[in-house]
Amino acid sequence: MKQTVKKVAGVAAIVLLSSGVGGYTAYKLLSNEKEASATFSELFQQNPDNLHLASLNATAAQPVDLTQAAETSVHAVVHIRSTQLGRTETVRTMPDFFDFFFGDPRGQERQVKTQPRVGFGSGVIISKDGYIVTNNHVVENADEITVKLNDEREFKGRIIGTDPQTDLALLKIEGDDFPTLPVGDSDALKVGEWVLAVGNPFSLSSTVTAGIVSAKARNIGSTASNGEGATIQSFIQTDAAINQGNSGGALVNARGELVGINAMLYSPTGSYSGYGFAIPTNMMKKVVADLKQYGAVQRVVLGIKGRDFSTELQMSDELVEEIKKQAEDLGVKEGFLVAEVLDGGSASGILEENDVIIELDGQKIHKYADLQQVLGKHRPGDKVKVTIVRDKKEKELTITLKNSQGNTKVMKDQGMEILGAAFKPVSNELKRQLNLGYGLEVTGVSEGRMKDAGIRKGFIIQKVNRQIMKSVDDLEDALRAATLSPDQVLFITGMYPSGKRVNYAVDVQQE
């Protein structure tokens, strides 16, 4: 019995000892935790910056306060609904077996009524009397336009002018004292600066996303998310979400200033993936002013071909090294290399092959997108200073800018732009070779009516609607007369340098 009591006592002692050790251990751990907690609190309180941060509310604790910019911009961003009405179209069916013997072997024609098409987008009010900037693709081919403000008011919109090349359009709603956004300086933007993308999609009222400027003067290359060619090569890139329906909305800086018109996202899937692009306001301002004053954008070209020394695009190591060596041989690190100067262009007789443009109109030229951005702010007749490196020496020159037709005239109501081609009088040498007394040479063809008709670069125009063509002015006169005639067609006769004579009919009817 005594042995049993001793054993129990021993076990109890062990249990008590164990619990005592456990209690002591727990006490020490709790004490250490309290000490550590107290130490952290003391350290936090010793840092005045931490105390200041703790005293701020959630809004003030943000890296940048964007609330005022958002509040200002949402009222100036509108929802745009564009409607293309249904049309009756003639459709020819494929001929069947019996048509070859008893009917028309070409098949049968029937009338088909197409359904109306409705598109949505956003726009930005830039003046109190109701001028609105949006994307051209938002209102392209629209028969009816409805503009809805953030306060639910609706207005009928009308198109003042469009410019597919920059994907911008200018609309007007009737009224006064509309909410507007002040237009800022997009050139002053810095990479890393906070911006807001404000849109008004699908009548959900204004939506706001935030991000930073990821890059400036961005050349995105081939196509956008809608599969169409990207004609602008000087975008503002941002990681603020720009999705469908936000096209034409505002890119706003932290001061609440409009710095860009949201244009597109760049994504293989068509949904947002961190790459959004906006048209800079400094380009927008010039386009809007031209559309209001002339009805068409007045563009200039330097009249040169070449390349920059950028190695940003995917290319082989050998090509990268070749580009670097070429730059070193020319005595430059960056800029735009002139490979060819076109006759009759702005740079003709001023720039030379192997010149490197390093500055234009006071702006450094790092790549082609910089060059395009500067030229996009000018009209024909403007004079600009250009700094080049020639024979490893810097030289400053002055260039008078011309349009694609090689003159400084203002083109109104689309004018020659509708043809989508550039022209110059046939040179004396070519006249001698082809035994010609006159003619206009087509020096370039882009998207336009001449390309649609099948005219190619190098074609020599001799007569238009039976009128002799000796100068670009003659063609302008013929175009002006044709647009006022019932047919609205240019009947062009001429030849190619090979001697092949061809006749073309070019439709110049305004759509």
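Counting charges near residue 300 (Lys, Arg +1; Asp, Glu -1) among other residues having Cβ under 9 Å from its Cβ returns a value of +2. Compute the FRET efficiency between residue 438 and residue 305 as 1/(1 + (r/R0)^6), taking r as their Cβ-Cβ distance and R0 = 25 Å, and round to the nearest 0.05. Step by step, r from the Cβ atoms, then E = 0.35.
What you get for the range 129-174, charging only the Cβ of Lys and Arg (+1) and of Asp and Glu (-1), is a dipole of about 80 debye around the Cα centre. Let me check I've understood the local charge: for residue 169, count other residues with C-beta under 9 angstrom from its C-beta, Lys and Arg +1, Asp and Glu -1. What total comes out? That works out to -3. Across the options 430, 482, 418, the greatest Cα extent toward the positive end of the charge dipole of the range 414-503 (unit charges at beta carbon of Lys, Arg, Asp, Glu) belongs to 430.
Residue 378 exposes around 20 Å² of accessible area when a 1.4 Å probe is run over every protein chain in place. Once the Cα-Cα distance is subtracted from the 0.36 nm per residue extended length, the residue 343 to residue 390 segment shows a gain of 14.9 nm. Where does the charge balance sit around residue 496 when Lys and Arg score +1, Asp and Glu -1, over other residues with C-beta under 11 Å from its C-beta? Charge balance near residue 496 sits at +3.
The values are calculated or read from the model by the stated rules, or taken from the named source; none is laboratory data. Note that the structure is predicted; figures quoted are calculated from it, not measured. All Cβ positions, glycine included, derive from the backbone under ideal geometry; neighbour counts span all protein chains shown. Accessible surface areas use protein heavy atoms only, side chains included; no ligands, DNA or RNA. Shrake-Rupley method; radii C 1.70, N 1.55, O 1.52, S 1.80 Å.
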